[in-house]
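Every number in this text was worked out from the coordinates using simple rules, so none of it is lab data. The structure displayed is predicted, hence computed values, not measured ones. A quick note on method: Cβ atoms are made from the backbone with ideal geometry, for glycine too, and the neighbour counts reach across all protein chains shown.
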Amino acid sequence: MGSGGHTRDQLAVGLALALAIGVAAAPLAAQAQPPAPPGSSWIEAGGYYHHVTGPFGDWRGGYARGVFAGARDVWYLDARAQRAFNDDGVYGSIANVHTWTSRFYMQLGVGAGTGRYVLPALREDLSLNFKLGRARSVILTVGETYVDSHLIYEDKAFFGSLSWYAGGTVLVEAGGRVNWSNPGSVRSGRGSGALTLGRFGGSQVTLRGGAGTEGYQLIGLGTPLRMFASQEASGALRQWLSGGWGMVLQGDWYHNPFYTRTGGQLGLFRAW
């Protein structure tokens, strides 16, 4: 394949990670891991602030990320410190995307966090990705996620998506997931979509949206929010400047019957 095919592969890697990571209500959940062309690596750092209506407390924090790409493997290292729902914590994760054949690659990630209730004690994500069609411009992704909290709650989810490369600078994605929250085996479901315009090394704009139900949301040490509908949207600009430097600017909106959360993120990255 030419460079266009390589770019499609790495964009699909980013979408697979984004779909897996989006299961929990946590800062930066709406942001995809940025795709990396073969041989390209970078580091990124930034901060964010989200205003939360009601008595729940605003969110704030900082993050650092490293992406290291090889011929068949891409490694993602992620760390962040945050305050959300009046709970302070630190979260770290590592993910590997391995290309097995020209039509199949797999993503596996694991993470753990500190704090009393917001960040998970353990998280695991797995996805299988298949390139379809003669042009391999459609990616079918299926996978699962397991999240164990610091309290008694846990989540198990299965997800799937289709990604279509409609052109050299256009990527469309749609997916959904079914989640079981325990105790009680509370089932919830969610759908999402994304549109990415632009090219790696220049400017990229990503618009995301999602809606559905949530089984539990941990906002304190008392009774969690249980079985409700919510909607979310985000828009991100990733702009390359010069000398491998660039910036990312993102806005987020989330709403459920109990509160609305709005905010943004600003980061800087260096690619080589």
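Some points to look at:
- P(r) tail fraction, the range 118-272 - alpha-carbon pairs more than 29 Å apart, %: 30
- Its alpha carbons considered, the range 225-272 gives a radius of gyration followed by a Dmax of 15.6, 49 Å.
- With coordinates expressed along the principal axes, the C-alpha atoms belonging to the range 179-252 extend over 53, 26, 16 Å, beginning with the largest.
- Directionally averaged shadow of the range 83-139, computed from the convex hull of its alpha-carbon atoms, nm²: 5.0
- Computed [θ] at 222 nm, helices only, for the chain once each DSSP H run of length n ≥ 4 contributes -39500 (n - 2.57): -2500 deg cm²/dmol
- Applying a DSSP loop filter and a limit of 13 other Cβ atoms within 10 Å to the chymotrypsin sites (Phe, Trp or Tyr not before Pro) in the range 43-134 leaves 100.
- A straight chain from residue 169 to residue 90 at 0.36 nm per residue would run longer than the Cα-Cα distance by 24.9 nm.
- Based on C-alpha pairs under 8 angstrom that are at least 6 apart in sequence, the range 97-199 has a relative contact order of 17 percent.
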